[in-house]
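J.: I am attaching a structure below and will ask some questions about it afterwards.
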Amino acid sequence: MTYRTIDDMFEPGTLVQLTDLWTPALARYRDRPAVVIDIEVLGYPRSITRQVNGTSVSEKYDCIYTVALLPVEPAASLAREQVPVIRLISLDVAGILPAEPQSSEFAAWCAREFCGAEPAFVANPSAAGNGRFIGAAVLPHTIPMYEARHRPNDHRNKSLVAIEQVRRHLEQWQPDVIVLASTHWMPRDGFFIDDGAQHHDGCDASYQGVEPQLFSFPGDPELATLIGGLAHGAGLPVRRIHRVAQEHAVWVPGHLLCQERRIPLLPCSIWWRGPREAHRRFGEIIAQAVRRLDRRAFFVASGGLSHTFDFSKPPEYVVPQGERFDRLAQEWLERGQHGRLLDMSEDDFETWNPEGRAGHLYMMRGALGQDVRGQSLCYHGSNGTGYLTMLFQS
Ligand SMILES: [Fe+2]
């Protein structure tokens with residue numbers, strides 16, 4: 001078996017064969033044709049080990065697939081409710097399944113139903129309004145960080161305390177909506193925006209494959225529709241989608257920031273390997289839609305800074321070349337010099353190796369619409385990577 005990197009993953013719409021080699025609980029689904037409908041990129045390879053004849057065999061995976069399964073009972077026409085959806089690690093996918101008439105028809109249906117659609121045309125793209133982004137925050141998001149609430153000695157509690165400060169600001173500022181850019185949602189063909197009215201876990205509840213999906217948020221379909229239409233009209237590659245499952249870069253910050261207040265949350269992707277400038281432009285278009293619809297919006301850039309992992313050192317370690325650029329980025333953002341991030345040389349950028357290729361930071365600047373100065377609430381290392389929590393008020 002080969003380790004598949006994110007540059008070598010199965011695209012949404014692909015018909016795949018599952019295996020229970022690594023996840024025995026998957027046996028019940030193993031023989032069902034499955035279609036990849038969504039991908040979460042974790043950002044670094046994680047190991048999983050199994051026993052084979054008394055020896056340990058380890059492999060790595062670095063993404064999580066959401067797959068739809070062909071229903072057991074044949075039906076004349078399909079509906080979302082009849083189609084079980086589960087999340088699994090990339091090692092649970094054995095390979096591409098040869099297409100049979102029934103399964104390829106199912107794959108085509110899944111592509112239409114689950115993999116996004118072109119946004120509708122917006123008739124009057126320049127209409128005025130008074131909405132705006134009242135602020136933004138950069139923050140990290142890991143699952144262990146969320147669980148760190150229950151681990152008093154976890155180094156990531158520092159970030160949790162800082163995120164709690166952001167939450168208290170939101171309590172005062174009362175935004176109508178949070179637009180969240182996720183660095184784990186990295187399609188290669190452009191930006192995606194979730195136009196669902198309600199975000200909740202739509203996976204088969206009887207299968208606990210990857211992690212609990214502890215979220216339930218209202219969305220903002222009107223805003224998402226307008227953003228999609230405006231971005232489409234501006235020539236950006238963008239698709240709208242109502243995701244069946246979110247990933248933790250969306251729901252952990254959402255959960256920590258909203259808690260019981262149920263602020264509408266609008267998740268959007270970054271564009272894997274898309275130009276930096278396109279991210280900023282997409283952020284500007286998001287702000288344009290916010291203005292038109294008179295929303296008081298808050299932007300969350302969900303992701304870390306440098307993203308080179310090293311588990312061999314103490315938990316708060318940051319790889320030195322990453323930390324050097326993290327400190328620079330932090331200083332630039334504190335001074336409101338967002339353009340310096342945009343203008344970094346390719347060499348410096350690759351040395352820095354930011355999470356999500358910093359797409360979340362460029363989008364944030366576009367959404368803010370000006371060079372707002374950031375207030376650092378926390379910076380620390382985490383297994384080689386850099387975690388920054390920073391608040392922007394505009
Ligand atoms: Fe992450």
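The values are calculated or read from the model by the stated rules, or taken from the named source; none is laboratory data. All of these numbers come straight from a predicted model, not from anything done at the bench. When we count neighbours, we look across all protein chains shown, and the Cβ atoms used for this are built from the backbone with ideal geometry, even at glycine. Please note that ligands, DNA and RNA were not included when accessible areas were found on the heavy atoms of the full protein model with its side chains. Shrake-Rupley method; radii C 1.70, N 1.55, O 1.52, S 1.80 Å.
J.: Assess whether Ala128 counts as being farther than 27 Å from Val210 by Cβ, touching a helix residue (DSSP H, G or I) at 6+ places or on another chain (Cβ under 6 Å) and either surrounded by fewer than 13 Cβ atoms within 10 Å (Cβ to Cβ) or in contact (Cβ under 8 Å) with a residue 12 or more places away in the chain (or both).
T.: When the stated conditions are applied, Ala128 does not pass them.
J.: Restricting to region 331-359, give me the number of residues that are under 23 Å from Ser382 (Cα atoms), away from the ligand (no atom under 16 Å from the Cβ) and in contact with a strand residue (DSSP E or B) (Cβ under 8 Å, 6 or more places away or on another chain).
T.: 2
J.: Just to check your reading of the model, which residue among Pro74, Pro45 is closer than 27 Å to Asp201 by Cα, within 16 Å of the ligand (Cβ to nearest atom) and open to solvent by 30 Å² or more (accessible area, probe 1.4 Å)?
T.: None of the others qualify; the one that does is Pro45.
J.: Turning to a different aspect of this structure: How do the helices (runs of 4 or more DSSP H) wholly within region 264-379 filter down when requiring 2 or more residues that are open to solvent by 20 Å² or more (accessible area, probe 1.4 Å): which remain?
T.: Counting at least 2 such residues, we get 276-292, 320-335, 338-342, 346-352.
J.: Can you tell me how many residues within region 163-192 are assigned to a helix (DSSP H, G or I) and either away from the ligand (no atom under 16 Å from the Cβ) or in contact with a Phe, Trp or Tyr (Cβ under 6 Å, 6 or more places away or on another chain) (or both)?
T.: We begin by selecting, within region 163-192, every residue assigned to a helix (DSSP H, G or I); these are 163-173.
Retained after the next criterion (residues that are either away from the ligand (no atom under 16 Å from the Cβ) or in contact with a Phe, Trp or Tyr (Cβ under 6 Å, 6 or more places away or on another chain) (or both)): 164-173.
Here the count works out to 10.
J.: Same structure again: Exactly one of these conditions fails for Leu42: (1) at pLDDT 90 or above; (2) under 23 Å from the mean Cα position of the chain (by Cα). Give me its number.
T.: Status for Leu42: all satisfied but (1).
J.: Can you tell me which residue in region 89-146 is farthest from Thr385 (Cα to Cα), limited to those that are of a type in the set (Ser, Thr, Tyr) and under 26 Å from the mean Cα position of the chain (by Cα)?
T.: Of region 89-146, the ones of a type in the set (Ser, Thr, Tyr) are 90, 103-104, 126, 142, 146.
With under 26 Å from the mean Cα position of the chain (by Cα) added as a condition, the list becomes 90, 142, 146.
On the way: Ser90: 23, Thr142: 12, Tyr146: 17 Å.
So the residue we want is Ser90.
J.: What are the pairs, 6+ residues apart or on separate chains, where a residue within region 133-149 that is without any contact (Cβ under 8 Å) to a residue 24 or more places away in the chain has its Cβ under 9 Å from a residue that is away from the ligand (no atom under 15 Å from the Cβ) and basic (Lys, Arg)?
T.: Pairs that qualify, where the first residue is without any contact (Cβ under 8 Å) to a residue 24 or more places away in the chain and the partner is away from the ligand (no atom under 15 Å from the Cβ) and basic (Lys, Arg), are Pro144/Arg151.
J.: If you scan region 126-159, which residues turn out to be within 15 Å of the ligand (Cβ to nearest atom) and of a type outside the set (Phe, Trp, Tyr)?
T.: Val138, Leu139, Pro140, His141, Thr142, Ile143, Pro144, Met145, Glu147, Ala148, Arg156, Ser159
J.: Counting only residues that are polar (S, T, N, Q) and modelled with pLDDT of 95 or more, which one in region 283-323 is nearest to the ligand (Cβ to nearest atom)?
T.: Looking at the filtered set, the residue picked out is Ser302.
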